[in-house]
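What follows is a single structure, written as structure tokens, with notes after it.
The values are calculated or read from the model by the stated rules, or taken from the named source; none is laboratory data. A quick note: this is a predicted structure, and the numbers were derived from the prediction, not measured. Calculation scope for accessible area: heavy atoms of the full protein, side chains included, ligands and nucleic acids excluded. Shrake-Rupley method; radii C 1.70, N 1.55, O 1.52, S 1.80 Å.
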Amino acid sequence: MTHSALLIAVMAAVTMLLRFLPFLIFRKKTPKYVSYLGKVLPPAVIGMLVIYCLKDITPFTAPFGIPALVAAAVVVGLQIWKRNSLISILAGTAVYMLISQGLVYFDF
Amino acid sequence: MKPQTVKQAFLRSVPVMAGYLVLGAGFGILMRGAGYGALWTAAMSLFVFAGSMQFVGVGLLTGGASLLTAAVTTLTVNARHLFYSVSMIDVYKNAGAYKPYMIFALTDETYSLLCDGKTPENTAPEAFRFLVSLFNHGYWVAGSVLGSLLGAVLPFSTAGIEFSMTALFIASFTEQWLSSKDHVPALTGLTGTLLCLLLSGREHFLIPAMGLITLTLTLLRGREEAKV
């Protein structure tokens, strides 16, 4: 049990190190290059996270990623239409749950 | 703190609530199955507060991994947090006493809620960002403890609710796309990551992707800055 506590402490410490490091390094003045990265990274990182979340899709075996792709289309469509993230997220998740639980069918 | 700030921060955090409660519960159930009760679960959710790493961490705990293995695993699984911090340096610049906690609590989801740097009208920006972080942390801890204590007694199937996190990122991506004229960074992130996923497989693509994204955006710096 002591070892478990130490393991958790290590995970916490390394995670904190990663989160704090950039703030500590650029504490005084932010170099222009880092400010530039700070501006262009957010959209790029969100794009990365989208792919990361969809990485377990299997395009060649059932369900061919259909639940995720249909739900993703719902989120994008609603966001363009209503510009309200909460609505897009709730509706997209509901659609995903209905399809993946087999309550609504999407087969061709 | 102004009631309006608290209210707006709560509203901003709502999209994360369902996902954190359910994924947190999943973590608590997994920990229970591995022989670790509510206190262990709470400690990990309080102090580590990094979703995917905690799921990996259950394996480290049950496998009796060495401390070095735990450190290296955490470093690779969580390396993306360096990215979040780099891009929040300016946004969190004036956070004062809130800052250490906000940096500690900068998860993927909190990042996606706050990274555009905008805050609602009539709110204190620093308190707003602090509260969004705190609410999200609260959902995560509450979800994981509930999962540990109650286990699988939910009366309806929640299968698929984890998609709410994916939906959050897709909504943020779409919103950033709509509110910006320059789509090069977004496309770099999307295609660069997809390329790395296809080339290096789903286990080890994030770190190459981060390298490729940084390299591409660095090479495009002249062009990008000329646009502003």
Residues of the stretch A:73-103 that become at least 40 Å² less accessible with every protein chain present than in their own chain isolated, using 1.4 Å: which are they?
A:Val75, A:Gln79, A:Arg83, A:Leu86, A:Ile89, A:Thr93, A:Tyr96, A:Met97, A:Gln101
Chain B: relative contact order as a whole-number percent, Cα under 8 Å and 6+ apart:
34 percent
In whole angstrom, how long is each semi-axis of the equivalent ellipsoid of the stretch A:2-100, when you take the square root of 5 times every eigenvalue of its Cα gyration tensor and sort them from largest down?
35, 23, 13
Average accessible surface area per residue within chain B, 1.4 Å rolling probe, Å²
44 Å²
Which ³J(HN,Hα) values in Hz, rounded to whole numbers, follow from the phi angles of the stretch B:168-182 under the Karplus curve 6.51 cos²θ - 1.76 cosθ + 1.60, where θ = phi - 60° and Gly and Pro get x?
4, 5, 5, 5, 4, 4, 4, 4, 5, 4, 5, 9, 10, 8, 9
Need one word for the stretch B:138-228: rounded, prolate or oblate. Basis is the Cα gyration tensor (sqrt eigenvalues a ≥ b ≥ c); a/c below 1.5 gives rounded, then a/b vs b/c decides.
prolate
Angle between chain A longest axis and helix A:85-100 axis [Cα atoms, degrees, rounded to 10]:
60 degrees
Roughly how many Å² is the accessible area per residue of the stretch A:18-105, as a whole number, for a 1.4 Å probe?
52 Å²
Cα pairs beyond 24 Å in chain B, in percent, come to 51 percent
Quick one: buried accessible area between B and A, total over both chains, 1.4 angstrom probe, nearest 100 Å²?
6800 Å²
Leaving ligands, DNA and RNA out of it, report the carbon-plus-sulfur percent of the accessible area of the stretch B:181-228 at a 1.4 Å probe.
69 percent
Could you sort A:Cys53, B:Cys196 by accessible area so the largest value comes first, with the probe set to 1.4 Å?
A:Cys53, B:Cys196
Work out from phi, with θ = phi - 60° and the Karplus expression 6.51 cos²θ - 1.76 cosθ + 1.60, the ³J(HN,Hα) of each residue of the stretch B:116-121, listed in order in whole Hz, and give x for Gly and Pro.
6, x, 8, 10, x, 5
GNM top mover of A:Met48, A:Met16, A:Met97 - chain A, alpha-carbon springs below 10 Å
A:Met16
In terms of the Cα gyration tensor, with a ≥ b ≥ c the square roots of its eigenvalues, is the protein assembly as shown rounded because a/c is under 1.5, prolate because a/b exceeds b/c, or oblate?
rounded
